[in-house]
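Notes follow once the structure below has been shown.
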Amino acid sequence: MKTRLFLSALFAFMIAVGCSDDVRIVWTEGETDPDTGRAVHTITVVNAPEGIDWNLWLSSNHIYIPEEGGPISLHHGCWYKLTPSEREGKDLVVPYNDRPIQRHCWAPEGFVLEQNGETRKLEVEYVFLPSEKIADFPYNQVDVEVWDMIPSLKKVEPADGVTTVEVMPQVQFVDSDKAGWYRITLDGECKVEAADEDGAFYAKVTLDNLKRNAGGNQLPNLVIEDWPDFGYRGFMLDISRNFTTKDNILKFIDLLAHYKASVFHLHFGDDEGWRLEIEKFPELTSFGAYHAFPSKGDNGEYIETEGLIPSYNGGADPKDMTSSANGHLSKEDYVEILKYAWERRIQVIPEFDTPGHSRASIKAMEAYAKRTGDNSYLLSDPDDKSEYLSVQYYRDNAINVALPSTYRFIEVVFDQIIAYHKEAGVPLPAIHVGGDEVPGGAWVGSEPCQKIMAERGWDNIELLKSYYIENILDIAEARGVKISGWQELVMDLEDHVYERMKKNLYSINFWHTGSGQEEFPYKYANDGVPAVLSNMTNTYMDFAYTPDKTERGLSWGGFVDERRSFSLLPFDIYRSVRWDDKGRMRDISDLPEGKETLKAKENIVGVQAQLWTETVRSFDHVTYYVFPKVCGMFERAWNASPVWEGTLQADDPAFLSALDRYYSTVVSYEMPYFEEMQINYRSR
């Protein structure tokens, strides 16, 4: 009897949702038409609900924005709606014209069925076309020594005999003009000298690596003298687009410390999430760090009530803590991260991107104002009629720079970050305020913005950037804090603002080093800007290793593998790409003819790798993208001028010999280390 009642109830539920079996999705990759360069992919809704009174939502960062009348329409960001049409049979088959899928991870995901005011996540089956395996770059495995490691040591003088080293000896501090300098002498006893605390820590890492490579405590006698060429050897982790937990971040810091990194750049605020608790504004994390399917208003519009609209992974359940769409760092988490990093001689530079890439904070502060009735911290003007579309397809991600409330908000965030670092007892090198990719058209329809322009006699909307920077500098100077930013932050400013900016900069990350912009790092360094090379062509860890379709990652700026990161030349960036994305050797003999040459070498202050997380869904993805690709970047950050610098042929024997030793070291010592650390990594 109970069984019959249960089945009756289940049948009634199925009728209510309009289907007799489980709804699921089959996504099928289409062949590319050689004449149009387009493909027709297919979404099949298996056991689709009856009628057309339902919607299918999906997430994709790579769907071509369809023309009017297409089966799929862009809603916002990377979130799309498919409205069904009449059909025969149980399955709805929807072909759509799109770009070819260059990478399997670019296929749509996060399919959600919306019907009768209810939503549910659907299972997806992917049917991809056969694809060829793309070979990795060639190299020759060579014998490596116990002292081979990443980054490689500056000077090694081997001697006869061995020394047993059980523990790290007490460090003797000596004078040196090189920050981070250390010397290890093994001659029957172990002696360690260092110029400073950094050098002492790097000596310990080197000793640990020697023991690891030797397989025990018996080490060959030798003298090592070593130091970093750059004080800034950084890594940026984006936890905004897709979140990773405090415990994962701590493990990642251990990995960075192993490569003697000095800066951990934590990108916590962007369009898709605000991931750091700010006590005065609970909504920044209670709303801005979680993603939810929006409510439908009386006029049919979708309203974000529980959190942000779904983004890259399509996560629509704010309670699902297994989803990388959700989560944030508490104050206690952040303070712990700061202390943990500093114990390993790594400083944290926090970043919340402004004034573009700011949708999460904009929407969170609207939620804060709605709850409290306090509009004095709003980042948006409800009467703003500006129309624009950002690079990531947002229409509302630019902070209004004319509002006094914008700067009251930024003051609170600055003060909170300063307080966190003070509580942790660690340095705050700078606060990174982003500054990149403000969409064209932002501010045009804002009355407060137009008023400022009229008062200043401006006829170019771009000059509002100078107004914004002046206010940021007021905040930073009043607190004695340096600022950092992406390269756009120092571009196209009024002269007096630019000169003032240079006095308050900690560093600028030059990232867009292609498409005619490769001269910018040297141009601005020559003009006194402290430049951190963050070349997309060498240091973007989110770029796929190869064109292989099964590889995860992006490729809008090319492909980055271990060879490409190793090829970076900080003082000769024009020769930093020796092979193109199809593996063909480039002619680098006449570079940098006609281009800006570096005159102020001292203003190239460091090198940094970046991991943007649009295509990252787990910590396993984080480590796979980064390791061992990052090894080349940390090699070059420590040893900026390799012996093959200045060679004029891409395949010069000196370069190939160095590449063989470097990658043989990675295979022989680093990959077993990754196994020991129990992380996911890429092997051949």
- Task: Collect the residues in the stretch 294-323 that are surrounded by 12 or more Cβ atoms within 10 Å (Cβ to Cβ), part of a loop (DSSP other than H, G, I, E, B) and over 24 Å from the mean Cα position of the chain (by Cα), keeping them in residue-number order.
- Result: P294, E304, T305, E306
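If I go through the stretch 591-642 residue by residue, how many of them are closer than 30 Å to H62 by Cα and either among the aliphatic types (A, V, I, L, M) or assigned to a helix (DSSP H, G or I) (or both)? Break it down stepwise before answering.
Taking the stretch 591-642 as the starting set, the residues that turn out to be closer than 30 Å to H62 by Cα are 607-633.
From what is left, the residues that are either among the aliphatic types (A, V, I, L, M) or assigned to a helix (DSSP H, G or I) (or both) are 607, 609, 611, 616, 619-626, 630-633.
Residues in the stretch 591-642 being closer than 30 Å to H62 by Cα and either among the aliphatic types (A, V, I, L, M) or assigned to a helix (DSSP H, G or I) (or both): 16 in total.
Return a yes/no flag: does the stretch 418-434 have any residue that is under 20 Å from L463 (Cα atoms) and not in a helix (DSSP H, G or I).
Initial filter on the stretch 418-434 (under 20 Å from L463 (Cα atoms)): 433-434.
With not in a helix (DSSP H, G or I) added as a condition, the list becomes 433-434.
So far as the stretch 418-434 goes, yes, one or more of its residues are under 20 Å from L463 (Cα atoms) and not in a helix (DSSP H, G or I).
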- Note on the structure: Being among the polar types (S, T, N, Q) and within 23 Å of W612 (Cβ to Cβ) narrows S295, S323, S330 down to just S323
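Can you tell me which residue is surrounded by the fewest Cβ atoms within 10 Å (Cβ to Cβ) among those in the stretch 487-539 that are charged (D, E, K, R) and in a loop (DSSP other than H, G, I, E, B)?
D492
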- So is E366 surrounded by fewer than 23 Cβ atoms within 10 Å (Cβ to Cβ), in a helix (DSSP H, G or I) and without any contact (Cβ under 8 Å) to a residue 24 or more places away in the chain or not? yes
- Message: Need pairs with beta-carbon distance below 8 Å; first residue farther than 14 Å from E277 by Cα and within the stretch 399-427, second of a type in the set (K, R); sequence gap 6+ or separate chains.
- Response: V401/K465; A402/K451; A424/K339; G425/K339; V426/K339
- Task: From (1) outside any loop (DSSP other than H, G, I, E, B); (2) of a type outside the set (D, E); (3) touching a Cys at 6+ places or on another chain (Cβ under 7 Å), pick out the condition that doesn't hold for A402.
- Result: (1)
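Sort through I472, I452, I431 and tell me the only one that's surrounded by 16 or more Cβ atoms within 10 Å (Cβ to Cβ) and either without any contact (Cβ under 8 Å) to a residue 60 or more places away in the chain or out of contact with any helix residue (DSSP H, G or I) (no Cβ under 9 Å at 6 or more places or on another chain) (or both). It would help to see each step written out before you state the result.
Details: I472 fails: either without any contact (Cβ under 8 Å) to a residue 60 or more places away in the chain or out of contact with any helix residue (DSSP H, G or I) (no Cβ under 9 Å at 6 or more places or on another chain) (or both); I431 fails: either without any contact (Cβ under 8 Å) to a residue 60 or more places away in the chain or out of contact with any helix residue (DSSP H, G or I) (no Cβ under 9 Å at 6 or more places or on another chain) (or both).
Step by step, each of I472, I452, I431 is checked, and only I452 is surrounded by 16 or more Cβ atoms within 10 Å (Cβ to Cβ) and either without any contact (Cβ under 8 Å) to a residue 60 or more places away in the chain or out of contact with any helix residue (DSSP H, G or I) (no Cβ under 9 Å at 6 or more places or on another chain) (or both).
Consider R371 carefully, then state whether it is among the charged types (D, E, K, R), under 23 Å from Y302 (Cα atoms) and surrounded by fewer than 24 Cβ atoms within 10 Å (Cβ to Cβ). Can you show your working first?
Details: among the charged types (D, E, K, R): yes; under 23 Å from Y302 (Cα atoms): yes; surrounded by fewer than 24 Cβ atoms within 10 Å (Cβ to Cβ): yes.
Considered against the rule, which asks whether it is among the charged types (D, E, K, R), under 23 Å from Y302 (Cα atoms) and surrounded by fewer than 24 Cβ atoms within 10 Å (Cβ to Cβ), R371 comes out as yes.
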- Any idea which residue in the stretch 154-170 is farthest from the chain's Cα centre (by Cα), counting only those that are part of a strand (DSSP E or B), touching a residue at least 60 places away in the same chain (Cβ under 8 Å) and on the phi < 0 side of the Ramachandran plot? D160
- Message: One residue is enough: does the stretch 171-181 have a residue meeting the conditions touching a residue at least 12 places away in the same chain (Cβ under 8 Å) and touching a Lys or Arg at 6+ places or on another chain (Cβ under 6 Å)?
- Response: no
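Do the conditions hold for S641, that is, is it among the small types (G, A, S), out of contact with any Phe, Trp or Tyr (no Cβ under 7 Å at 6 or more places or on another chain) and surrounded by fewer than 20 Cβ atoms within 10 Å (Cβ to Cβ)?
Details: among the small types (G, A, S): yes; out of contact with any Phe, Trp or Tyr (no Cβ under 7 Å at 6 or more places or on another chain): no; surrounded by fewer than 20 Cβ atoms within 10 Å (Cβ to Cβ): yes.
So S641 does not fit the description; no.
Yes or no, residue by residue, for (1) within 30 Å of the chain's Cα centre (by Cα); (2) more than 30 Å from W511 (Cβ to Cβ); (3) in a helix (DSSP H, G or I):
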| position | (1), (2), (3) |
| --- | --- |
| D198 | yes, no, yes |
| K204 | yes, yes, yes |
| L210 | no, yes, yes |
| P220 | no, yes, no |
| I224 | no, yes, no |
| D229 | yes, no, no |
| F235 | yes, no, no |
| T244 | yes, no, no |
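Among the listed residues G528, G514, identify the single one that is at pLDDT below 95 and either under 15 Å from M491 (Cβ atoms) or not polar (S, T, N, Q) (or both).
Numbers: G528 fails: at pLDDT below 95.
Matching residue, one of G528, G514: G514.
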- Message: So the check is Cβ under 8 Å with 6+ separation or different chains; which pairs have a first residue in the stretch 332-350 that's within 20 Å of V481 (Cβ to Cβ) and a second one that's polar (S, T, N, Q) and outside any helix (DSSP H, G or I)?
- Response: A341/Q347; I346/S262; Q347/S262; I349/S484
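The values are calculated or read from the model by the stated rules, or taken from the named source; none is laboratory data. Remember, predicted model here, so these are calculated numbers, not experimental data. Glycine also receives a Cβ, built like all others from the backbone with ideal geometry; neighbour counts cover every protein chain displayed.
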